[in-house]
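Read-outs throughout are calculated quantities, based only on the coordinates presented, and are distinct from any laboratory measurement. What you are looking at is a predicted structure, and each value in this text was computed from that prediction instead of being measured. Every residue, glycine among them, receives a Cβ derived from its backbone with ideal geometry; neighbour counts consider all protein chains shown.
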Amino acid sequence: MRPAVFLDRDGVVNDAVVRSGKPYPPASVGELSVLPDVAPALGRLKAAGYRLVVVTNQPDVARGRQRREVVEAINAALAARLPIDEFRVCYHDDIDHCQCRKPLPGLLLQAPDHDLGRSVMIGDRWRDIEAGQRARVRATILIDHGYDEGCAVDPDVRVASLGEAADWVLRLHARSPA
């Protein structure tokens, strides 16, 4: 089994739309903006042997504020520009009590299986970090954008960008290759 770098989407791969200190996904492909250091960071991680798996909560679909087709179009636009191997999406809201909605680890545990003991979760919110911890990945990395919500759980490391996160993962990888 290969290790994976699990990545949240909004705020990690692409810009989140921040309103009143809280991040939101882009409303359309036209609003989509890939963060500046993402493509080279993902390229380095892929070259090191990691599968790149985006794991994203998109509860606005269940809430009736977004259409599933738009979420899929955004994912397709990202896949066309970036070396992402797979997208795993939870379309549920908290009231649905599903196992795939982060902070539960369901998205990280879906087939195909990965070597979780050598995998990493990179996110920008506490839900991402807790999902990684519950899945028992090797490390969790918080890209800290200073959202008003804070982080209720402690990541293994805090960084400012995906490029910094990739540097940290690759140093970890060099100590114990995948």
What per residue convex hull volume, in Å³, do the alpha-carbon atoms of region 4-175 yield?
107 Å³
Please report the antiparallel percentage of DSSP beta bridges with both residues in the chain, rounded to the nearest 5.
15 percent
What size of dipole, in debye to the nearest 20, comes out for region 4-175 about its Cα centre when the only charges are +1 on Lys and Arg C-beta atoms and -1 on Asp and Glu C-beta atoms?
320 debye
How big is the shadow of the Cα convex hull of region 89-138, averaged over all directions, in nm²?
3.4 nm²
Scan around VAL159 for amide H atoms under 5 Å from its own, H built in the peptide plane at 1.01 Å from N, and keep only partners 5 or more places away or cross-chain.
LEU142, ILE143, ASP144
